[in-house]
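**Q** Just passing along the structure, written as structure tokens.
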């Protein structure tokens, strides 16, 4: 019996020592856990379903504006939500999925609103009911602010670009010069021609309108490429600039069509002007600086101040004569 009693005492002593060792190890483990928890750069929490904070690390307290985690025991998380409905939605989601993440706004102790990203998890008890919620909270206010600033900057940039494109389009519409030849474009030619015709009406002088078409521009484009076609247009525009007077209104109306509106004076009649142009075209072709030759079809109409015509009427009459000459060349 004595032996059995001594044996029992020994076993009890062993159990006590084992329990003490386990308690010491547990305390060390808890201290290690708490140290790790408090040094995490994110907030860690455990809350009850009714919103009481039963565990928090130091970073969570600092995020919420409290010096120590212990102060959060008197805080209910429901009072921290800027939008009170957010937590109800979060808990509903955790009823169907034990983990997920979301973003929402919380109000700190000092009243400042911050945007947080939450990674919550529902902890179930033995009966399958939620006992508490644990999770990690991250302050993403600066990130969201940066994203908002970036979004605002992108919106402003897009708006500015739309305004810029609108202004460019308006400027192009208002442009009076042909980009390629630097002669008047159709808009510029018509505007200048109207002004010149009004002067002719007021002062009573005669004007003639010359309509010209480069006969072989399509052939040049097809044979040598559009770059050579552009060169042909530029070279002919240069011929017009040299053959005509500064006061003559000169324009490229589009494609291979050119026009001139000139005042009829002694020594400068339509035949004189046409010969000056054709002479320079012949000289250009004889030089053979380019693989193509220039060829023109022309039509002339006249403005009589005693029987005024519009610029459109002059263009129609000259266009008809020009195409008659073109058909005659082709034999059709």
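Throughout, read-outs are computed from the coordinates displayed, never taken from laboratory work. These numbers come from a predicted model, not from an experiment.
**Q** Using all alpha carbons of segment 186-330, what is the percent of pairwise distances in each 5 Å bin, ordered from the shortest bin to the longest?
**A** Histogram of Cα-Cα distances, whole percents per bin: 2, 10, 19, 22, 20, 14, 8, 4, 2, 0.
**Q** So what's the gap between the Cα centers of segment 197-214 and segment 220-290, to the nearest angstrom?
**A** Centre-to-centre (Cα) distance: 18 Å.
**Q** Would you work out the relative contact order for segment 237-332, in percent, from Cα pairs under 8 angstrom that are 6 or more residues apart?
**A** Numbers: 66 pairs, mean separation 18.2, N = 96.
Answer for segment 237-332 is 19 percent.
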